[in-house]
Structure formats: C-alpha cells, structure tokens
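The values are calculated or read from the model by the stated rules, or taken from the named source; none is laboratory data. This structure is a prediction, so every number in the text was calculated from the model and none was measured. Every residue, glycine among them, receives a Cβ derived from its backbone with ideal geometry; neighbour counts consider all protein chains shown. Surface areas here come from the heavy atoms of the whole protein model, side chains and all, with no ligands, DNA or RNA. Shrake-Rupley method; radii C 1.70, N 1.55, O 1.52, S 1.80 Å.
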Amino acid sequence: MQNISTMLPMNNKDNDTLQRFIFESTDIRGEITTLSSSYLDLLALQKYPPQVALLFGEFLAAASLLSSSLKHRGMITVQANGNGPITAIMAECSQDNKLRGIVRGNFDNLGDLSSLQELLGKATLAITLEPEGRERYQGVVPLDEDNLSKCQGNSYVRWYMERRTSRKLWD
C-alpha cells in the first residue's frame, strides 16, 4: 500500500498557471491549467509507476480547474474509490489554489494496465464542493468511461457541476 498526501500552493514556481479565456461574441469561455511545478513536487515525494502518475495528474488538473469556479472560500475535491490496483485517488484544491492529493493501492504488478477502468476496477467518482460556512454539495457517479474527462461528462455530473459552477471539463 503506497500513498502520498501534501498541500502545496499552485504558482509555487513560475511553471504553474491557471489562465481564464473567452472568445468574444460567443458563449465559449474556460480555463487552462498548467501544474508542472506542483505536479513534479508531489511526484518527488513518492515514486509512482508512470500510469499512476499520469492519472494522478489528471485528478490534480481536474481539481485545479474546478476550483477556479469557487465564488466563496472553500475547497473542491475530485476522488475515486475502486477495487482495482488503485483503491483510492483524491485531489483537492482550495479557492486560493492550494493543491493536495493522495493515491492508494498496490502498484507492484501493474504491467500494461493503463486505462481508468483497468487501474481503478469497478469504481465511483465523487466531486465535492465545500464552500466555507455553507452547505456541502456532492455528485457521485460510476466510473464507466475510458478517461476522467469522459466520466465528468456523465450527464448527472455535467448537470450537477454546471448548475453549481458554470464550468465544463473538456477532453
């Protein structure tokens, strides 16, 4: 069983960014996040196999992007629990861009496993909004797609997150 948990500020080095964009005269807007420094700092604390490190990065990026929608102080958590080699993976980001994460599981015999379903097995995805001093909101769906972005596109999670955050995650 291996795990890691730490809280690091984004932009702790020049390589971390969160940039908003809008295309004038359209309904297209969004954010782009780059977590080079924070991601590498978290990976330096624990040696993960490449496929675990990649999935961990996807969860960290998702939490970072979703946290940009917080209008009040608080946290957003993106987590999954399953019966595969990765039993739990979580990334959490605060409104002031403090990021932390944890990955638990048995990584000794991963071989060529690389898809979300292969790594997590039968699993569920939970996205939790925790506004400071306000009601907590959570959406839970099965992880039944090839990658995290597609799972977040699940109709319930999409409805839930758009209603709460006015944000979408794209492939």
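List, please: which pairs have Cβ atoms under 8 Å, are six or more places apart or on different chains, and start with a residue in segment 23-36 that is assigned to a loop (DSSP other than H, G, I, E, B) and end with one that is surrounded by 10 or more Cβ atoms within 10 Å (Cβ to Cβ)? Between residues of segment 23-36 that are assigned to a loop (DSSP other than H, G, I, E, B) and residues that are surrounded by 10 or more Cβ atoms within 10 Å (Cβ to Cβ), the close pairs are Phe23/Arg29; Ile28/Ile22.
Scanning segment 50-82 for residues that are closer than 14 Å to Leu125 by Cβ, polar (S, T, N, Q) and open to solvent by 30 Å² or more (accessible area, probe 1.4 Å) yields Gln79, Asn81. Scanning segment 76-106 for residues that are touching a Cys at 6+ places or on another chain (Cβ under 7 Å) and under 16 Å from Asp16 (Cα atoms) returns a single hit, Leu99. Given the structure, is Gly74 modelled with pLDDT of 90 or more and of a type in the set (Gly, Ala, Ser)? When the stated conditions are applied, Gly74 does not pass them. Does any residue of segment 75-91 turn out to be in a loop (DSSP other than H, G, I, E, B) and either among the aliphatic types (A, V, I, L, M) or within 17 Å of Leu148 (Cβ to Cβ) (or both)? Within segment 75-91 (the criterion being in a loop (DSSP other than H, G, I, E, B) and either among the aliphatic types (A, V, I, L, M) or within 17 Å of Leu148 (Cβ to Cβ) (or both)), the answer is yes, since at least one residue qualifies. The number of residues in segment 89-118 that are aliphatic (A, V, I, L, M) and free of Cβ contacts under 8 Å to residues at least 60 places away in the same chain comes to 3.
Please tell me if Leu60 is in a loop (DSSP other than H, G, I, E, B) and hydrophobic (A, V, I, L, M, F, W, C). Against the criterion (in a loop (DSSP other than H, G, I, E, B) and hydrophobic (A, V, I, L, M, F, W, C)), Leu60 does not qualify.
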